[in-house]
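K.L.:
Please read through the structure below; I'll follow up with questions.
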Amino acid sequence: MLMGIFLTYILQVAVIMNILCLVYKWLISDTTFFALNRVMLMLIYAFSWLLPLFLNINWQVETVSEIEVDFGQLEVVGIASPAPASDYSGYIRVSMWVYLAGVVITGLWVIVGVIRLSAIVKAGVFSKKIGRFTELICAKAPGPFSWWKYIVLRPQDMGENYDMIVTHELAHLKLRHGFDLILAQLSLIFQWFSPASWILMRSIKENHEYQVDKIASGADPYRYQMMLIKMTAGTRLPLLADSLNHSKLKKRLTMMMTKKTSSSRRFATMALPVVAAVAFVALSQPSVARIADMVSSTSILPLSSVATDKVSNSYSSVQMAESAVDVAAPSQSVDENTPVDSKNADMTPSVATDSGAEDTPVARDNTSEKAEKAKPAIFIDGVLYKGDLNSISSDDVASMVVVKNDPEYPQGKIMVKTKNSNWNIPNANNESQTYLVTNEKIAEYKGGQKELMSFLAKNIKCPENLEKMQRVIVQFTIEQDGTVNNARIVRGGDDACNEEALKVVNMTSGNWIPGQNDGKPVATQFTLPINFKPEVSE
């Protein structure tokens, strides 16, 4: 996932860089304001690499699945970014590997260039000191060039044009052009796929030569131009070095003879920050953010083959599991010797959770077949019912029992007795089963399940430095006035997760509509499982 976030950032950098590069080539590159052009080129890099860091893109996508049961399994996930599902994750993953391969190849290419440059300098013979710079003579040099604090010349460069060659290379060193090349080359490693990176690198070298040609030509531009014609022979110079041989000779001669650009053209440079601001706003739009979500949520390897990743938790999200829990009817455990009668039961009803799956998170599956198998079987007056439990009117229900340990129905079964039926729900004499009974009308959160999920999403936080999943099950009572009472941990994780789970449950107090029996409000007991996880599964 971190790789996905980084690739999203790289793509945003590329978009801004390409837009600003077009503006530079269109409005600025042909002017004779060489010093100003150099500043504009550096600003392009600054805008491109810094603006995406401040993009206000909401990468957190809250999702609430509509399921048929009253409560699903809640997951509290500490993440640096969410993981919205994507049908293109395979293509994105391939793109990540291609990008990394390009970075490695480009990086090796730069390293080889630096090694070659160092070898030439190392092979040079000391000639003399020129101020704080050193002149070297090297027969292996492909041409005169300057790098760091060295001016490297060939033996044949010591003739009549020696003074102009040295003046040219000294100007590069004094203007610190090498720093521009280092910045451009580092950017090129990570933006190797972007046309703008290659165009900007060439533009920087050309502008360096234009700037130095103006200084070195001095009072005798004709002699300097003739020297350029003799010296530039298309030899390939090492990376990160400035040289007479860089750039196209025709363009350099043309630029030297070009009249000074009108000062009014300086206002064209104002287009650069304006366009950068427009690009910033465009990348902040929701439609673009959705694409960023898709890329940033993809891991470089399929999550099934990746070990648990330790992610710094900057914020958290709350989601409903897409698969139904084993038992989701509001219920209360009944002692095996207690008759099952919702009207005479002396116990407080509760919402049952998946007891058999407490040690294993519920697997997410969107297929209808697996979802059907996960639903509890429904029996109405002793007959298997194929319909939806929500389609049964609560006014017709006399009592309800949820059987959790029937071997024939490991997913659980719900046994409903209607008011006009003479059929009786079996009593609790079978020790292999646990019977649960429900209220006539269950308690519910004001605004419904979506509102509850929204409240939890805003208020629950995943503890920092969480290394593995912690499952916390909180049991609490919703009193007749809708307040929460007696919240306690039934199954706990570490102290931080337990405290966070209790805190958010208690915060819902007063926001519940109490359950009812015979039209009267009654206290209801709920059991709510919350999973704290260090990362979002795909």
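Please treat every number below as a calculation from the coordinates, not as lab data. If you're wondering where the values come from, they're calculated on a predicted model, not measured in any experiment. Cβ sites come from the backbone with ideal geometry, for glycine too, and all protein chains shown count toward neighbours.
K.L.:
Which value, in debye to the nearest 20, describes the size of the charge dipole of region 459-538 about its Cα centre when Lys and Arg Cβ atoms bear +1, Asp and Glu Cβ atoms bear -1, and nothing else is charged? Let's see the in-between values first.
P.N.:
Numbers: 8 positive and 11 negative charges, 38 e Å.
So the magnitude is around 180 debye.
K.L.:
Okay, moving on. Can you compute 3J(HN,Hα) from phi for each residue in region 184-189, using the Karplus curve 6.51 cos²θ - 1.76 cosθ + 1.60 with θ = phi - 60°, rounded to whole Hz and x for Gly and Pro?
P.N.:
Whole-Hz 3J(HN,Hα) from phi for region 184-189: 5, 6, 5, 5, 5, 4.
K.L.:
Between their Cα atoms, which of K128/K259; K174/K260; K174/K251 are more than 32 Å away from each other? All intermediate terms of the calculation are to be shown ahead of the outcome.
P.N.:
Numbers: K128/K259 38 Å; K174/K260 23 Å; K174/K251 24 Å.
Correct reply: K128/K259.
K.L.:
May I ask you to list the lysines whose Cα is less than 19 Å away from that of K468, ignoring any residue fewer than eight positions away on the same chain?
P.N.:
Correct list for K468: K310, K533.
K.L.:
Taking R0 as 45 Å, what's the FRET efficiency between K250 and Q285 from their Cβ-Cβ distance, rounded to 0.05? Walk me through the numbers on the way to the answer.
P.N.:
On the way: r = 43 Å, r/R0 = 0.96.
E(calc), rounded to 0.05, equals 0.55.
K.L.:
May I pose another question? Multiply the residue gap between K129 and S391 by 0.36 nm, knock off their C-alpha separation, and tell me the result in nm, one decimal place. It would help to have the intermediate numbers written out before the result.
P.N.:
Values: separation 262, 0.36 × 262 = 94.32 nm, distance 9.37 nm.
Residue separation times 0.36 nm, minus the Cα-Cα distance, leaves 84.9 nm.
K.L.:
Still on this model: Report the local net charge at G382: Lys and Arg +1, Asp and Glu -1, summed over other residues whose C-beta lies under 13 Å from its C-beta. Before the final figure, lay out each step's value.
P.N.:
Working: positive: K413, K417; negative: D381.
Spelling it out: positives minus negatives among the neighbours equals +1.
K.L.:
What's the FRET efficiency of R223 with N465 using the Cβ-Cβ distance as r and R₀ = 60 Å, to the nearest 0.05? Walk me through the numbers before you get to the answer.
P.N.:
Values: r = 70 Å, r/R0 = 1.16.
Rounded to the nearest 0.05, the efficiency is 0.30.
K.L.:
Please compute the modelled spin-label separation between E160 and A101, points set 7 Å along Cα→Cβ, answer in nm with one decimal.
P.N.:
Rounded to a tenth, the inter-label distance reads 5.4 nm.
K.L.:
Go through 212-220, 13-21 and give me the packing order, highest mean Cβ count within 10 Å leading.
P.N.:
Details: 212-220: 16.6, 13-21: 21.8.
Answer by packing, highest mean first, reads 13-21, 212-220.
K.L.:
Collect residues whose amide H, placed 1.01 Å from N in the peptide plane, falls under 5 Å from the amide H of R491; neighbours closer than 5 in sequence don't count.
P.N.:
HN-HN under 5 Å from R491: I473.
K.L.:
Hey, another quick one. Non-local amide H neighbours of F145 (under 5 Å, H modeled in plane, Pro and chain starts lacking H): which ones?
P.N.:
Here the answer is V152, since their amide H atoms fall under 5 Å of that of F145.
K.L.:
Among the lysines, which have Cα under 17 Å from the Cα of K520 when same-chain residues fewer than 8 positions away are ignored?
P.N.:
Straight-distance partners of K520: K343, K441.
K.L.:
Read phi for every residue in region 446-456 and hand back ³J(HN,Hα) as whole Hz from Karplus 6.51 cos²θ - 1.76 cosθ + 1.60, θ = phi - 60°, with x for Gly and Pro.
P.N.:
4, x, x, 4, 4, 5, 5, 4, 5, 4, 5
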